[in-house]
1. Checking the structure you have, find out if any residue of the range 68-85 is surrounded by 12 or more Cβ atoms within 10 Å (Cβ to Cβ) and small (Gly, Ala, Ser).
2. Between a residue in the range 3-24 that is free of Cβ contacts under 8 Å to residues at least 12 places away in the same chain and any residue that is part of a strand (DSSP E or B), which pairs come within a Cβ distance under 8 Å, given they are 6 or more apart or on different chains?
3. Just to be sure before I move on: is Ala123 in a strand (DSSP E or B), small (Gly, Ala, Ser) and over 23 Å from Gly49 (Cα atoms) in the structure I sent?
4. When you go through Arg8, Arg39 one by one, which is the residue that is at positive phi and not polar (S, T, N, Q)?
5. Give just the number: which of (1) in contact (Cβ under 8 Å) with a residue 12 or more places away in the chain; (2) more than 17 Å from the chain's Cα centre (by Cα) does Thr120 not satisfy?
6. For the range 101-117, which residues satisfy the criterion of being hydrophobic (A, V, I, L, M, F, W, C), crowded, with 18+ Cβ neighbours inside 10 Å and assigned to a helix (DSSP H, G or I)?
7. Suppose we filter Asp109, Asp75, Asp85, Asp67 for residues that are within 30 Å of Pro12 (Cα to Cα) and not aliphatic (A, V, I, L, M); which single one remains?
8. Would you check if Leu98 is in a helix (DSSP H, G or I), surrounded by 16 or more Cβ atoms within 10 Å (Cβ to Cβ), modelled with pLDDT of 95 or more and more than 10 Å from the chain's Cα centre (by Cα)?
Amino acid sequence: MIRGFKYRLRSPIGGLAADLSAEAVSPGETAAPSVGIHRGVRLLLPASGIYWEDLAWLSFVIALRADELRTRHPDGVHLQIVSLDFPLADYRPEVAALAVDGWLREEFDLPDIGITCSYTGGADPYAFSWGGAEPPLRSPRL
């Protein structure tokens, strides 16, 4: 069943937001293009395509959660991203990771592992935390 998750962080300069719709499907139920994350955990891509940085951040968080997902789905699980929408004015690709983590926590009743964002002000006004993991990349700020 397709379920949505809305990530929101309000700040004095506006905030960050993303709306993600996704569903978990059993292996073999779809022929959508996909990315292998880890031992039976795959990320199925939206039919409309996806921006490479969003894909990197989505894959990063799903990889952080892959062992938990494999424990719950020993035969594997495919995660179908149906849509990822966000306002372009305050776009940060890291927000895709925050949205998919929120969706995974709700969909699979996973614990919070410290994937967060907070407003700190300054030249780079948002501080992201990845639960102790090193992020996959740092987007240059123009």
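1. yes
2. Matching pairs, first to second residue: Arg8/Gly15; Arg8/Leu16; Arg8/Ala17.
3. When the stated conditions are applied, Ala123 does not pass them.
4. Arg39
5. (1)
6. Within the range 101-117, Trp103, Leu104 qualify.
7. Asp85
8. no
The values are calculated or read from the model by the stated rules, or taken from the named source; none is laboratory data. Here the structure is a predicted model, which is why all the values come from computation and not from measurement. Here the Cβ is made from the backbone with ideal geometry for all residues, glycine too, and neighbour counts use every protein chain on show.
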